[in-house]
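Let me begin by presenting the structure, written as structure tokens, before commenting on it.
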Amino acid sequence: MLNETIETRGHTTREGVLNLSVNLGVPNADVAVVVQVRSLSAAGELDSNGWPKGFFELIAGSMPELRRAPQGRIEERLPLE
């Protein structure tokens, strides 16, 4: 029995229509489809660089347990002639 969650992204037409084409691999079958629409970014919610407003404030320090390991020493090389 087919029971699958498929996530995808799309772009609407000028008329606001979203056209979906999803290959389920099940030919000639009746299926029920549920569509949930979530905005990726509403107008005015992006900063001048295209990032969502407040994005960096939300993620800064969100992984305090993540630390960079010691990098060791750089080997000394002979100078180029």
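The values are calculated or read from the model by the stated rules, or taken from the named source; none is laboratory data. Every value quoted in this text rests on a predicted model; they were computed, and no experiment measured them. Ideal geometry is used to build each Cβ from the backbone, glycine not excepted, and the neighbour counts take in all protein chains shown. Surface areas here come from the heavy atoms of the whole protein model, side chains and all, with no ligands, DNA or RNA. Shrake-Rupley method; radii C 1.70, N 1.55, O 1.52, S 1.80 Å.
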task = Filter the stretch 50-81 down to the residues that are of a type outside the set (D, E, K, R) and under 30 Å from Val17 (Cβ atoms), then identify the one that is least open to solvent (accessible area, probe 1.4 Å).
result = Gly50
ask   = What are the residues in the stretch 5-21 that are among the aliphatic types (A, V, I, L, M) and modelled with pLDDT of 85 or more, if any?
value = Val17, Leu18, Leu20
task = Determine whether the stretch 26-33 contains at least one residue that is touching a strand residue (DSSP E or B) at 6+ places or on another chain (Cβ under 9 Å), open to solvent by 90 Å² or more (accessible area, probe 1.4 Å), at pLDDT 80 or above and under 24 Å from Arg9 (Cα atoms).
result = no
inquiry  = Looking at (1) at positive phi; (2) within 16 Å of the chain's Cα centre (by Cα), which one does Gly54 not meet, given that it meets all the others?
reply    = (2)
key: Only listed residue being touching a residue at least 24 places away in the same chain (Cβ under 8 Å) and in a loop (DSSP other than H, G, I, E, B), chosen from Arg14, Arg9, Arg77   = Arg9
